[in-house]
Amino acid sequence: MKLAVLAGGVGGARFVQALIEVVHPGDVTVIANVGDDLEVHGLHVSPDLDTLLYTLAGLGDEERGWGRASETWNARDTIERLGGETWFQLGDRDLGLHLVRTEALRRGEPLSAVTARIARAVGLGLPLLPATDDRLRTRIRTPAGEFEFQEWFVARGHRDPVDRVVYEGASEARPAPGVLEALEAAELIAIAPSNPFVSIGPILAVDEIRAAVERRRESVVAVSPLIGGRAVKGPADAMFQSLAGGTGAGQVTDCYKGLIDALVLDEADADDAREVAERGVRPLVTRTLMSEPDARAALVETVLGLVPAR
Ligand code: FO1
């Protein structure tokens, strides 16, 4: 059973984690957002790739959701003492990865190749692909000005309402090696319950990826990131309000217009099922809160139930 999953950071990682409790990890290709990548102290940081890598390799800090477990912060404390900027915190263990990746990128190794090398080194059992090796950056337009994604998200605590999300570089970006092949070979393509605007949006902003998903529409299922119209974590609900005009499953469906066959929504949003169906998408109502083992199992069963029998 071959699956391809479009994923952001924490929500994406938890969803894939749930899938591989049932499916062989080697059969799940993860296509990850790189729109929130940034340079910190001259190092290339890929937060969503790293959240996926750490979580799925069992190295992640479960409570924080990002970074390494049992982290220490000596480098950050030194930077602070020396007057450097520490708004984007890099732990000592995490820093090691950024050093290796940045050195490789400067040597000309593509992001996908260095990611595969690091994934092998930490024993990750599944293919983890950045959506693109090219530079693609999410920028957030707000009444207070335009910001790089992490500046808005972390430094400003995503407090500014969002007028527009811009995917800089997307029109020139090509899919990373393996991405189109994975989308083509998958029996089912799943869009994780990640933020459609800043986690999935940058992946689908790569024209050839969007076209490949569109071609496979009959085999694409998205999981809504909202439960009872609220985000489990992060600014998704506020973004739905300002960018899509509401927080119903109808608005989630609109984010994936022309791309999906089915939308999985939580029981708390069952009343929205009609709005989804009216848009020509099959609503599948189940429990979706992945921190609850029963709901996690129900979600995976619902998603995998869409894999055609052979
Ligand atoms: N999130 C924060 O809220 N504050 C941080 O200082 C921070 C540092 C950080 C370092 C490495 C990394 O891989 C992720 C980090 N994150 C941090 C999380 C990250 O900003 C977001 O969770 C994602 O970019 C959104 O998907």
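The GNM of the chain, with springs linking C-alpha atoms under 10 angstrom apart, assigns the highest mean-square fluctuation among G83, G258, G280 to G83. The modelled label-to-label distance between A155 and A268, using points 7 Å beyond Cα along the C-beta direction, is 3.3 nm. Normalised per residue, the accessible area of region 12-71 is 33 Å², obtained with a 1.4 Å probe and no contribution from ligands, DNA or RNA.
As a length-normalised measure over Cα pairs under 8 Å and 6 or more apart, the relative contact order of the chain settles at 18 percent.
Between M1 and L105, residue separation times 0.36 nm minus the direct Cα-Cα distance comes to 34.1 nm. Each of K2, K257, K233 has its accessible area taken with a 1.4 Å probe; listed largest first, they run K257, K233, K2. Here, the chain is characterised by an Rg to Rh ratio of 0.95, where Rg is the alpha-carbon radius of gyration and Rh the Kirkwood radius.
Assuming R0 = 41 Å, what is the FRET efficiency of D294 and D207, from their Cβ-Cβ distance, to the nearest 0.05?
The pair D294/D207 has a calculated efficiency of 0.55.
Normalised radius of gyration (Cα atoms, divided by 2.2 N^0.38 Å) for region 92-162: 1.41. Report, in degrees rounded to the nearest 10, the 0 to 90 angle that the Cα long axis of helix 293-304 makes with the longest principal axis of the chain. Around 70 degrees separate the two axes. Both radii were evaluated on the Cα set of region 79-121; the Rg over Rh quotient, with Rh as the Kirkwood radius, amounts to 1.09.
The long axis of helix 10-19 is offset from the longest Cα principal axis of the chain by roughly 60 degrees. Taking all protein chains into account, the per residue accessible area for region 217-310 stands at 47 Å² (1.4 Å probe). Say R0 is 45 Å: what FRET efficiency, to the nearest 0.05, do R81 and E184 get from their beta-carbon distance? Rounded to the nearest 0.05, the efficiency is 0.30.
Multiplying the residue separation of E172 and R117 by 0.36 nm and subtracting their alpha-carbon distance yields 17.2 nm. Entry note, region 160-290: relative contact order of 23 percent, from Cα contacts under 8 Å with a spacing of 6+ residues. Taking the C-alpha atoms only, the angle from helix 92-107 to the longest principal axis of the chain is near 90 degrees. Tell me, what % of the accessible area of the chain is carbon and sulfur with a 1.4 angstrom probe? Looking at the chain in its full context, I get 49 percent from C and S.
Entry comment: accessible area of region 109-159 is 46 Å² per residue, from protein heavy atoms only and a probe of 1.4 Å. Shape descriptor for region 1-112: Rg over Rh equals 1.01 (Cα atoms; Rh from the Kirkwood inverse mean 1/r).
The values are calculated or read from the model by the stated rules, or taken from the named source; none is laboratory data. Being a predicted model, the structure only gives us computed values, none of them experimental. When we count neighbours, we look across all protein chains shown, and the Cβ atoms used for this are built from the backbone with ideal geometry, even at glycine. The protein model used for the area step is the full one, side chains on, heavy atoms only, and it has no ligands, DNA or RNA in it. Shrake-Rupley method; radii C 1.70, N 1.55, O 1.52, S 1.80 Å.
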